[in-house]
Amino acid sequence: ELPVTEPPETLYHGTSRRFAASIEAQGLLPQSRLYVHLSPDQETAEKVGRRHGEPVIYLVDAGQMHRDGYCFYLSANGVWLTKVVPATYLKRLKGECHAYRVWYRQGEQHAPSSLRKKKVFGERQNKI
């Protein structure tokens, strides 16, 4: 059994676009697993999502979940685990393609305008 561990403020979940409507209605559920699996960074979540089809990436407000009493565990391979993530703690990223993020970070003009600024969990941040 893993010890309860305080998570970072934000974790990520990558999945296929075909599961998005269900996730947005019900949140993240463990399905046939014991825990929901979360990634420490967006790139890892994108790789996980691509295994299942066209990826969709969700930001998980893990810090607030933890403050609200949800338990998190960190596996030996760096995967974060929790029993469930209610939809209220999720924020779907738009235009999550890694190539677009790199273009914008490098300041190239052809990055889509949707990637320039985004409101995430109540604060303005550059699109990751």
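Structural remarks
- His52, sole failed condition from (1) touching a helix residue (DSSP H, G or I) at 6+ places or on another chain (Cβ under 9 Å); (2) closer than 15 Å to Arg92 by Cα: (2)
- Residue check for Arg33: surrounded by fewer than 14 Cβ atoms within 10 Å (Cβ to Cβ) and either outside any loop (DSSP other than H, G, I, E, B) or touching a strand residue (DSSP E or B) at 6+ places or on another chain (Cβ under 7 Å) (or both): no
- Residue in the range 71-85 that is nearest to Ile23 (Cα to Cα), counting only those that are open to solvent by less than 70 Å² (accessible area, probe 1.4 Å) and out of contact with any Leu (no Cβ under 8 Å at 6 or more places or on another chain): Cys71
- Of everything listed in (1) modelled with pLDDT under 95; (2) charged (D, E, K, R); (3) open to solvent by less than 70 Å² (accessible area, probe 1.4 Å), the single unmet condition for Arg92 is (1).
- Candidates Glu24, Glu9: the one that is closer than 14 Å to Lys91 by Cβ, open to solvent by 40 Å² or more (accessible area, probe 1.4 Å) and in contact (Cβ under 8 Å) with a residue 60 or more places away in the chain is Glu24.
- Lys127 vs. criteria under 25 Å from Pro7 (Cα atoms), basic (Lys, Arg) and modelled with pLDDT of 50 or more: no
- Scanning the range 45-91 for residues that are assigned to a helix (DSSP H, G or I) and touching a residue at least 60 places away in the same chain (Cβ under 8 Å) gives His66, Ala87, Thr88, Tyr89.
- Search result, residues across the range 53-70 that are modelled with pLDDT of 95 or more, open to solvent by 60 Å² or more (accessible area, probe 1.4 Å) and either of a type in the set (Ser, Thr, Tyr) or closer than 25 Å to Ser16 by Cβ (or both): Tyr70
The values are calculated or read from the model by the stated rules, or taken from the named source; none is laboratory data. It should be emphasised that the depicted structure is a prediction, and the values quoted were computed from it without experimental measurement. Cβ: placed from backbone, ideal geometry, glycine included. Neighbour counts: every protein chain shown. Heads up: the accessible areas ignore ligands, DNA and RNA and are worked out on the full protein's heavy atoms, side chains in. Shrake-Rupley method; radii C 1.70, N 1.55, O 1.52, S 1.80 Å.
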